[in-house]
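The values are calculated or read from the model by the stated rules, or taken from the named source; none is laboratory data. Computed from a predicted model, the values in this text were never measured in an experiment. Ideal geometry is used to build each Cβ from the backbone, glycine not excepted, and the neighbour counts take in all protein chains shown. In case anyone asks, the SASA skips ligands and DNA or RNA and just uses the protein heavy atoms, side chains included. Shrake-Rupley method; radii C 1.70, N 1.55, O 1.52, S 1.80 Å.
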Amino acid sequence: MLPEDFLTRMKLQLGEEYGAFLKSLERPRAVALRFNPRKGPRPELPFVLGPVPWEPEGFYYAPDSRPGLHVYHECGVYYLQEASAMGPVALLSPQPGERVLDLCAAPGGKSTQIAGRMGGQGLLVCNEVNPKRAKILSRNIERMAVSNALVTNETPGNLAARLPGFFHRVLVDAPCSGEGMFRKEEAAVTDWSPETVTMCARRQGEILEEAAKLVRPGGRLVYSTCTFAPEEDEGAVEAFLKGHPEFKPEIVEAPWFQPGPNGSFRMWPHALLGEGHFAAVLRKDGGETGTAAPGRGEPLPKLWQEFSKALDIRLPEGKAVCFGQSLFWAPEELPELAGLRVLRPGLELGELKKGRFEPAHALALWLDGCAVTQSWDPESREMGAYLHGEAVPSQQRGWCLVKAGPYSAGWGKGDGNLLKNHYPKGLRR
Ligand code: SAM
């Protein structure tokens, strides 16, 4: 049952479209996934249906197929993401080589979509204020083999204080009253009240204040929500523009969505195959490059050099960053990290243990191959045993990249007879 106050407002808001809107809420929702371009050409999968028009890697899938359970999901071949939720990044249009911030990023649907579009070039900062959700975000960044992301657990205010004018593009996918998710999540309905809408609008205003500082002159700010409440959507944008004459609505082509005032768009469940969303595209005046001095890298340790030589692993441009025992490979543009709560400063290469190097799961997922690999059919008994955490017969020796078909799945270490299992304990089936 939808709240009476909500229905009354929607009737006023939608006029003659109200009937179509109500009908759409009774229909089963369309489900979608987004392929990971880092994994090469898209596989042919029986459950994949037609394309999501606004995202080249987005496709609907058969409702009862449960692709989240497929081994390819664990290999980061795709991310399950609601189709309308792919809209804001289409409007953000991040480019390879830029500095991009996803300010409210967990669980990482939009961050991993941005990463796909950046193709590993430039710097993506994925931030989430809630510590538990930041961990989930970090795991998804790992699963989707993103090499150029800095994952932080910060307040928007602290980020703005440390990286003012740093980003070419900033996405604020704000916490909202979630009206657009009523069909997807029962909790969205039970948590809703007119007071929630007012509270969310105030919080969105506060987040946007900080976001404004993070955009460099000439940069793009996209504000999005998954709610229908005008107070949190067009209203929030109007209030922001009033207080920020340095921002203007930006005209972008998005024929799939319904255009509104101030560079905004509505995604209505009765007008497209997806849930309810809102997004507005704004541009900061000026064209100067705002910069922060990038932090310095460290020399790559000898243990890594030996390991990478033995397996013939080559890294893209970047710099080494050590976090305790852990070694990361970060984009050149990585800023100074002092004063920031960091979960992941780039691609995790592995751990430097006493006299030896232990490669990270993130590195396995990022690699598409290396000198020592063991590939099993995704449906095979061996693959099942590997994902279960068992040692599996194999003739490989030393560190070995395990693949499910063409996709890397994790590490093993062989003695010529048996491959010792290094699939992360927390992921085992
Ligand atoms: N962009 C994400 C995605 O596509 O997977 C979804 C983000 S969700 C709509 C909004 C996020 O904002 C939540 O993860 C929530 O924890 C976070 N959040 C809540 N309060 C916040 C605040 N005051 N400042 C910044 N982020 C906040």
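In this view, the solvent-accessible surface of W329, computed with a 1.4 Å probe and all protein chains in place, comes to about 30 Å². In order along segment 95-107, the phi-based Karplus estimate (6.51 cos²θ - 1.76 cosθ + 1.60, θ = phi - 60°) of 3J(HN,Hα) comes to 10, x, x, 7, 9, 10, 10, 10, 6, 10, 9, 6, x Hz; Gly and Pro are listed as x.
Do me a favour and compute the ellipsoid semi-axes for the chain from its Cα gyration tensor, root of five times each eigenvalue, largest one first, whole Å.
39, 27, 17
Label segment 30-96 by shape, choosing from rounded, prolate and oblate, from the square roots a ≥ b ≥ c of the eigenvalues of the Cα gyration tensor; if a/c is under 1.5 it is rounded, and otherwise prolate applies when a/b is larger than b/c, oblate when it is not. It is oblate, given that a/c is not under 1.5 and a/b is not larger than b/c. Centre-to-centre separation between the Cα atoms of segment 351-423 and those of segment 232-257: 49 Å.
Residues whose amide H lies under 5 Å from that of F323, counting only those 5 or more places away or on a different chain, are F328; hydrogens are built 1.01 Å from N in the peptide plane.
Computed in the context of the full set of protein chains, the accessible area of segment 309-357 at 1.4 Å probe radius has 48% of its extent on carbon or sulfur. Taking amide H as placed 1.01 Å from N in the peptide plane, D173 has its amide H under 5 Å from the amide H of L103, C104, S224, each at least 5 places away in sequence or on another chain.
For segment 158-190 and segment 92-137, what is the separation of their C-alpha centers, rounded to whole Å? Answer, in whole Å: 12.
Accessible area of L273 (1.4 Å probe, protein heavy atoms only, ligands and nucleic acids ignored): about 110 Å². Accessible surface for segment 1-93, divided over its residues, is 49 Å² per residue with a 1.4 Å probe. Treating each Cα of segment 130-177 as one equal point scatterer and applying the Debye formula with no solvent, the log10 of I(q)/I(0) at q = 0.25 Å⁻¹ comes out as -1.20. When nucleic acids and ligands are ignored and a 1.4 Å probe is applied, F228 ends up with an accessible area of around 0 Å². Carbon-plus-sulfur accessible fraction, segment 175-298 (probe radius 1.4 Å, protein heavy atoms only): 54%. Place a point 7 Å from Cα of M1 in the direction of its Cβ. Which residues in segment 14-47 have their backbone N less than 18 Å from it? In segment 14-47, the label zone of M1 (backbone N under 18 Å from the point 7 Å along Cα→Cβ) covers 26. Ranking of D233, D368, D64 by solvent-accessible surface, largest first: D64, D368, D233 (1.4 Å probe, protein heavy atoms only, all chains present).
Rounded to two decimals, the Cα radius of gyration of segment 82-241 over 2.2 N^0.38 Å is 0.99.
Evaluated over segment 273-364, the count of Lys pairs having alpha-carbon atoms less than 20 Å apart is 6 (only pairs 8 or more residues apart or interchain). Label sites at H73 and S326, each approximated as a point 7 angstrom past Cα along Cα to Cβ, lie 2.4 nm apart.
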